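Report on one structure; see the data block that follows.
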Amino acid sequence: MAVPQAKRDALDARLAGLTLPAGGAWSTTARNDALARLQEMGLPHRRDEYWKYTDPAGFVAPSASAAALFDPQEVPVFSEIDRVRVVFVDGVFDPDESDDLSLAGVEIVRLAEAQRADLHWARELYGVLEARGQDPVQRPLAALNTAYATDGLLIRVTARADKAVSLVYHHKSETSDAILHHCIKVEEGADLTVLEKGPAAARFNKVMEVDVANGGAFHHVRVQGRDHERRAATHIFARVAAEASFKSFTLTMNGVMTRNDAVIELIGDDAVAHVAGACLGDGDFHHDDTVFVTHDAERCESRQVFKKVLRNGAVGVFQGKILVKEGAQKTDGYQISQSLLLDDDSQFLAKPELEIYADDVACSHGSTSGAIDEEGLFYLRSRGIPEGPATDLMVLAFLAEAIDEIENEDIAADIVSRLEQWLSRRRG
Amino acid sequence: MLEIKNLHVKLEEEDKQILKGVDLTVEAGKVHAIMGPNGSGKSTLSYVLSGRDGYEVTEGAATLEGEDILELEPEERAAAGLFLAFQYPIEIPGVGNMTFLRTAVNAQRKARGQEEMSAAEFLKEIRAKAKTLQIDPEMLKRPVNVGFSGGEKKRNEILQMAMLEPKMCILDETDSGLDVDAMKLVSDGVNALRDAGRAFLVITHYQRLLDHIKPDVVHIMADGRIVKSGGPELALQVETEGYGDLLKETV
C-alpha cells in the first residue's frame with residue numbers, strides 16, 4: 001500500500017535531521033532493514049486507527065519541543081535497592097555516574113560499542129522482535145528507533161542475577177531528543193530484574209526487546225520521570241518461551257505526553273506475562289497504554305492491569321488486546337483497565353479487545369471509570385482521618401491491584417512511598 | 001456529655017423532614033438506648049451526629065461536652081471524641097485494616113496535639129484488643145471489611161472503637177445480623193469500654209441486645225421525636241407489647 005504523501009513528507013522532515021549510526025555488519029543490516037520498514041509505513045498520524053486517542057504529532061515532529069527541567073527534590077526512587085546503575089544523560093551514556101558494568105551471570109554491553117563486535121545473540125535480537133511486532137499493527141516509531149538508536153544496552157543473562165540492572169535517565173538539556181534501544185536475552189532458567197527511571201530527555205523514543213527462554217524470568221519496574229513537559233514514546237517487545245515469565249510494571253506521574261506500547265508474544269506452553277501500570281495525571285497530562293498480548297501456545301497466562309488517577313483535565317488512554325491464536329488452548333487471559341476521575345474535567349478513553357481463535361480458553365476483560373467512593377470516604381473521615389489524607393488512602397487503594405503486580409516487596413514499598421509523597425505534595 | 005436540643009433535620013435532596021424536634025441528653029458514664037419502629041429516624045440521628053452528607057439541620061443544636069458539633073467536619077467530630085459504629089460497615093478494597101486504623105489513631109492524636117503512636121506500640125495494642133474480641137490477626141491485614149462476615153464487620157467496628165477510645169459512642173443497630181454468640185462477643189467488647197468518662201447511645205430494634213449491654217435510660221423514638229423515656233423496663237415492655245400500645249399512650 002502506498003504511503004500517503006503527507007506521511008511521506010512528515011517522514012522526510014523527521015529523517016532529515018538524523019543520520020544512521022555507523023556500525024559493523026549486523027547492526028548496519030538491522031538498521032537498514034528497519035529504515036526500509038519505516039519507509040513503507042510512514043510516520044503515525046492522528047488519523048491512524050492506532051493513534052485515534054493520542055495525537056502523535058509531538059513524537060513525529062522534526063525536532064523535540066523544549067521541556068523545562070524539573071527538580072523533584074526528593075530521595076530518588078530505587079535508592080535503597082541493590083542494583084548496578086547505568087546512567088544516560090539526555091540519551092548519552094555517562095561513564096562517570098554509572099557503575100562498573102559487571103554482574104555475575106550477566107553480560108552487559110553498550111549498543112554503541114557492541115555493533116562492531118559479532119555478538120550472535122544481539123544480532124538475533126536487535127530489531128528482530130520489533131520487526132515481528134509490526135504485524136498486524138504498524139509501529140513506525142519503533143522501526144525509527146531500531147534504525148536510529150544512538151545507544152542502549154545489550155544484556156544477556158545466563159544465571160539468576162543477584163542484583164537488578166538499573167537504567168537511570170537524566171534530563172539536563174531542555175531540547176534533548178533521545179533514542180535508546182535495549183535488548184535483553186534471558187537464557188534458560190536465568191532471572192533478571194531491570195529497573196528504569198527518569199525523564200530521559202525532552203523527547204524520548206525508547207525500545208526494549210526482551211527474549212525470555214524456557215524457564216527464564218524477567219522482571220521490569222519502571223518509573224517514568226516527573227518532568228512536566230517531557231514526551232516519551234516507548235515500546236517493549238517481549239517473546240516468552242515455555243514456562244518462562246515476563247512481568248512489567250510502570251508508574252507514571254506527570255509528563256505532558258506518554259505513549260507506552262507493550263507487545264508480548266507467549267510462544268511456549270505455560271508461559272506467563274503480566275503487564276501493569278499505575279498513573280497519576282494532574283493537569284496537562286496525556287498518558288496512553290497500548291498493549292498487545294498474543295497467546296500462541298497452550299496453558300499460558302496473561303494479565304493486563306492498568307489504573308489511572310486523573311484530575312484537572314488529565315487524559316488517560318488504554319488500548320489493550322488479547323489475541324488467542326488457534327491451538328492456544330487453556331489460555332488464561334485477564335485484562336482490567338480502570339480510571340479514577342477526581343473531577344469532571346478529566347477523561348479516560350478505553351478500548352479493550354479480545355480476539356480468540358481457540359475454543360477452550362478463559363479470557364476476561366473489564367474497563368471502568370468512576371469517582372471516589374463517597375461512602376468509603378465518609379467512613380474514613382468518621383474515624384478521624386481528614387478529607388485530604390482519606391482521599392489519598394482511597395487513591396492508593398484504587399492503585400493497589402496494579403502495584404500488587406510488583407513481585408519484589410521492597411520495590412513495591414518504594415513505589416508506594418513515591419505515590420504517597422506525590423499525593424501529599426499535590427494536596428499542598 | 002451529649003446534648004441534643006430540639007433537633008430538626010430534613011433530607012438535603014428532597015423536602016422531607018426526618019427529625020422533628022429531638023431532645024436528648026446523655027450523661028458521662030451512662031448508657032442510653034434508643035428504640036423505635038422502622039422509619040422513626042433513629043439511623044438519621046446517628047448519621048447527622050457523625051456528619052454524613054445529605055442532611056440539613058433546619059433547627060436545633062447538638063453539643064458534645066458543650067462544643068457545637070453540627071458545624072464540624074466528620075473528622076473533627078471524631079477527634080472531639082465522637083464515634084459511630086455503623087449499621088453497615090463500609091468495605092474499602094485496597095486499604096489494609098491495620099493501615100486504616102493506625103492512620104485514624106494518629107490523625108486523631110495529631111488533631112488533639114498529642115504525640116503519634118509508634119508502629120510497635122500500635123501493633124502491641126491492636127493485637128491485644130483484637131484478641132479479646134476474638135479477631136483473627138489475619139483479619140487485621142486484610143482490606144477494611146472486604147470479605148468479612150456480618151459478625152466480623154461488627155467486631156471490627158468495636159475494635160476500632162476500642163483503639164480510638166472515643167468519649168461518646170453511638171452504636172447503630174450493632175446487633176443486626178448477629179447470631180447469639182457474636183452478639184455476646186460484641187456486647188462484652190462494649191461493656192469492657194464502659195467507664196465513668198464515656199457515654200453510649202445504643203440504637204436498636206430489639207430488647208435482646210440490651211440484655212447484654214444494660215442501659216441506664218431507654219428512649220422510644222417515633223416519627224422523628226423521642227416520645228417516651230424510662231428505665232430498662234421500657235425495653236421489656238416493647239419486647240412484650242410491641243410499639244403499638246406505647247405509641248398510642250403518647251398521643
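The values are calculated or read from the model by the stated rules, or taken from the named source; none is laboratory data. Nothing here was measured: the structure is a model prediction, and the numbers come from that model. Virtual Cβ from ideal backbone geometry, glycine too; neighbours counted across all protein chains shown.
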Among B:Glu116, B:Glu59, the single one that is surrounded by fewer than 16 Cβ atoms within 10 Å (Cβ to Cβ) and in a strand (DSSP E or B) is B:Glu59
Check A:Asp410 against each of (1) touching a residue at least 40 places away in the same chain (Cβ under 8 Å); (2) touching a Lys or Arg at 6+ places or on another chain (Cβ under 9 Å); (3) of a type outside the set (Phe, Trp, Tyr) and name the one condition it does not meet. (2)
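Please determine, by comparing only the residues of the range A:163-192 that are assigned to a loop (DSSP other than H, G, I, E, B) and in contact (Cβ under 8 Å) with a residue 60 or more places away in the chain, which one is nearest to A:Ser65 (Cα to Cα).
Here is the first cut: in the range A:163-192, the residues assigned to a loop (DSSP other than H, G, I, E, B) are A:163, A:171-176, A:187-190.
Going one step further and asking which of them are in contact (Cβ under 8 Å) with a residue 60 or more places away in the chain, we end up with A:163, A:171-176, A:190.
Working: A:Lys163: 36, A:His171: 14, A:Lys172: 14, A:Ser173: 12, A:Glu174: 8, A:Thr175: 6, A:Ser176: 9, A:Ala190: 41 Å.
Per the stated criteria, the residue is A:Thr175.
Pick from A:Glu74, A:Glu107, A:Glu97, A:Glu80: which is surrounded by fewer than 15 Cβ atoms within 10 Å (Cβ to Cβ), in contact with a strand residue (DSSP E or B) (Cβ under 6 Å, 6 or more places away or on another chain) and on the phi < 0 side of the Ramachandran plot? Walk me through it before giving the result.
Working: A:Glu74 fails: in contact with a strand residue (DSSP E or B) (Cβ under 6 Å, 6 or more places away or on another chain); A:Glu107 fails: surrounded by fewer than 15 Cβ atoms within 10 Å (Cβ to Cβ); A:Glu80 fails: in contact with a strand residue (DSSP E or B) (Cβ under 6 Å, 6 or more places away or on another chain).
It is A:Glu97.
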Residues of the range A:260-291 satisfying the condition of being part of a strand (DSSP E or B) and surrounded by fewer than 23 Cβ atoms within 10 Å (Cβ to Cβ): A:Asp261, A:Val272, A:His274, A:Asp282, A:His286, A:Asp288, A:Thr290
Selection over the range A:83-117 where residues are within 21 Å of the chain's Cα centre (by Cα) and free of Cβ contacts under 8 Å to residues at least 12 places away in the same chain yields a count of 0
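Farther than 14 Å from A:Ala238 by Cα, over 17 Å from the mean Cα position of the chain (by Cα) and assigned to a helix (DSSP H, G or I): does that describe A:Ala122? Break it down into steps so the answer makes sense when it comes.
Working: farther than 14 Å from A:Ala238 by Cα: yes; over 17 Å from the mean Cα position of the chain (by Cα): yes; assigned to a helix (DSSP H, G or I): yes.
In short, yes.
Taking strands (runs of 3 or more DSSP E) that fall entirely within the range B:139-224, which contain at least 2 residues that are crowded, with 23+ Cβ neighbours inside 10 Å and within 14 Å of chain A (Cβ to nearest Cβ)? Working first, answer last.
Numbers: elements: B:168-172, B:199-203, B:217-222.
Result: B:168-172.
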Which one is surrounded by the most Cβ atoms within 10 Å (Cβ to Cβ) among residues in the range B:102-111 that are within 19 Å of A:Val395 (Cβ to Cβ) and either touching a His at 6+ places or on another chain (Cβ under 8 Å) or facing chain A (nearest Cβ under 8 Å) (or both)? B:Ala104
Quick one: in the range A:330-358, of everything that is over 14 Å from A:Gly320 (Cβ atoms) and acidic (Asp, Glu), which residue is modelled with the highest pLDDT? A:Asp332
Select the strands (runs of 3 or more DSSP E) contained entirely in the range A:331-428, then report the ones holding at least 1 residues which are touching a helix residue (DSSP H, G or I) at 6+ places or on another chain (Cβ under 7 Å) and buried (at least 21 other Cβ atoms within 10 Å of the Cβ). A:332-341
Checking A:Asp344 against (1) under 30 Å from B:Ala78 (Cβ atoms); (2) within 14 Å of chain B (Cβ to nearest Cβ), which test does it fail? (2)
Looking at the range B:114-125, which of the residues that are out of contact with any helix residue (DSSP H, G or I) (no Cβ under 6 Å at 6 or more places or on another chain) and not small (Gly, Ala, Ser) is nearest to A:Leu396 (Cα to Cα)? B:Leu123
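Give the residue that is farthest from A:Val395 (Cα to Cα), with candidates limited to residues of the range B:62-74 that are within 12 Å of chain A (Cβ to nearest Cβ) and outside any helix (DSSP H, G or I).
Taking the range B:62-74 as the starting set, the residues that turn out to be within 12 Å of chain A (Cβ to nearest Cβ) are B:72-74.
Going one step further and asking which of them are outside any helix (DSSP H, G or I), we end up with B:72-73.
Values: B:Leu72: 24, B:Glu73: 21 Å.
Among those that are within 12 Å of chain A (Cβ to nearest Cβ) and outside any helix (DSSP H, G or I), it is B:Leu72.
Can you tell me which residue within the range A:140-160, out of those that are assigned to a helix (DSSP H, G or I) and in contact with a His (Cβ under 6 Å, 6 or more places away or on another chain), is farthest from A:Tyr50 (Cα to Cα)?
A:Asn145
Among the listed residues A:Val86, A:Val92, which satisfies the condition of being modelled with pLDDT of 95 or more and within 30 Å of A:Val293 (Cβ to Cβ)? Step through it out loud before you land on a result.
Details: A:Val92 fails: within 30 Å of A:Val293 (Cβ to Cβ).
Checking each option against the conditions leaves just A:Val86.
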Which numbered condition trips up A:Val361, out of (1) at pLDDT 95 or above; (2) more than 7 Å from chain B (Cβ to nearest Cβ); (3) over 28 Å from the mean Cα position of the chain (by Cα)? (3)
When A:Ala201 is run through (1) surrounded by 24 or more Cβ atoms within 10 Å (Cβ to Cβ); (2) over 16 Å from the mean Cα position of the chain (by Cα); (3) not in a strand (DSSP E or B); (4) not polar (S, T, N, Q), the failure sits at (2)
Among the residues of the range B:164-223, count how many are under 14 Å from B:Gly29 (Cβ atoms) and either acidic (Asp, Glu) or without any contact (Cβ under 8 Å) to a residue 12 or more places away in the chain (or both). 2
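Do you know which residues across the range B:23-53 are in a loop (DSSP other than H, G, I, E, B) and in contact with a strand residue (DSSP E or B) (Cβ under 8 Å, 6 or more places away or on another chain)? Before you say what the answer is, go through the steps one by one.
Keep residues of the range B:23-53 that are in a loop (DSSP other than H, G, I, E, B), which gives B:27-30, B:36-41, B:51-53.
Listed by number, the residues that qualify are B:Glu27, B:Ala28, B:Gly29, B:Lys30, B:Gly36, B:Pro37, B:Ser40, B:Gly41.
Being within 22 Å of the chain's Cα centre (by Cα) and among the aliphatic types (A, V, I, L, M) is true for just one of A:Ala22, A:Ala34. Which residue is that? Even if it seems obvious, please write down each step before you answer.
Working: A:Ala22 fails: within 22 Å of the chain's Cα centre (by Cα).
After applying the criteria, what remains is A:Ala34.
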Which residue out of A:Glu405, A:Glu401, A:Glu375, A:Glu355 is within 13 Å of another protein chain (Cβ to nearest Cβ), touching a Lys or Arg at 6+ places or on another chain (Cβ under 8 Å) and either within 19 Å of B:Gly94 (Cβ to Cβ) or in contact (Cβ under 8 Å) with a residue 24 or more places away in the chain (or both)? A:Glu401
Out of all the residues in the range A:233-259, which are closer than 19 Å to A:Val309 by Cβ and part of a strand (DSSP E or B)? A:Phe249, A:Thr250, A:Leu251, A:Thr252, A:Met253, A:Met257, A:Thr258, A:Arg259
Within the range A:1-87, which helices (runs of 4 or more DSSP H) (wholly inside it) include 1 or more residues that are of a type in the set (Gly, Ala, Ser) and touching an Asp or Glu at 6+ places or on another chain (Cβ under 8 Å)? A:25-41
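So that you can scan it fast, the table gives a plain yes or no per residue for (1) charged (D, E, K, R); (2) on the phi < 0 side of the Ramachandran plot; (3) within 11 Å of chain A (Cβ to nearest Cβ):
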position	(1), (2), (3)
B:Glu27	yes, yes, no
B:Lys30	yes, yes, no
B:Ile34	no, yes, no
B:Gly41	no, no, no
B:Glu76	yes, yes, yes
B:Ala80	no, yes, yes
B:Phe83	no, yes, yes
B:Tyr88	no, yes, yes
B:Asn97	no, yes, no
Do we have any residue at all in the range A:249-265 that's free of Cβ contacts under 8 Å to residues at least 60 places away in the same chain and more than 30 Å from A:Gly283 (Cβ to Cβ)? yes
